[in-house]
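Step one of this worksheet: look at the structure below.
A short reminder: the numbers here are calculations on the coordinates, not readings from a lab. Predicted model, so just to flag it, every value in this text is computed and none were measured. Note: ideal-geometry Cβ built from the backbone for every residue, glycine included; neighbour counts use all protein chains shown.
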Amino acid sequence: NSAATGFHNGGEYAIGADYLLQSGDLYQYTGTGSSWSWLHIGSVISAVSGNQAEFSIPLAWLGNPVSLQLFLLAENVAYSGGSTEDYYPDDVLNAAASLRFFSYGL
């Protein structure tokens, strides 16, 4: 929940990523902020239909949090006009933006 902990990509992200979901696998950050160091936690249950995706992650894998902060980073080069990276919300990298990540209560 803090850019002072977790992966923050050299201060580029507003939050420090403690977890990474990539290709159906969940990883926990083990680095020092900008180093790329992740521990595999497990494979998650997922479903994709058209342009929608759903993932099921046991809360115990995340330390049973009461809230989550997240943003999405995806590669969309497969789509016409797509770039190599796409963020949601769009202003993840804009330090002046008011919405750089989503917050969810559990």
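Once both labels are positioned 7 Å from their Cα atoms along Cα-to-Cβ, the gap between THR84 and SER56 label points is 3.6 nm.
For region 20-77, list log₁₀ I(q)/I(0) at each q in 0.24 Å⁻¹, using the Debye formula over Cα point scatterers of equal strength and ignoring solvent, two decimals each. Per q value, in the given order, log10 I(q)/I(0) is -1.24. Remark: the chain carries a charge dipole of roughly 240 debye about the Cα centre, counting +1 on each Lys and Arg Cβ and -1 on each Asp and Glu Cβ. Among the GluC sites (Glu not before Pro) within region 1-102, those in coil by DSSP and having at most 15 neighbouring Cβ atoms inside 10 Å are GLU12, GLU75, GLU85.
When the chain is described by a simple charge dipole with +1 on each Lys and Arg Cβ and -1 on each Asp and Glu Cβ, the residue from ASN9, PRO58, TYR88 located farthest towards its positive end is PRO58.
Starting from one equal scatterer on each C-alpha and no solvent at all, send me the Debye-based log10 I(q)/I(0) for the chain at q = 0.14, 0.19, 0.20 Å⁻¹, two decimals. Here log10 of I(q) over I(0) equals -0.62, -1.17, -1.29.
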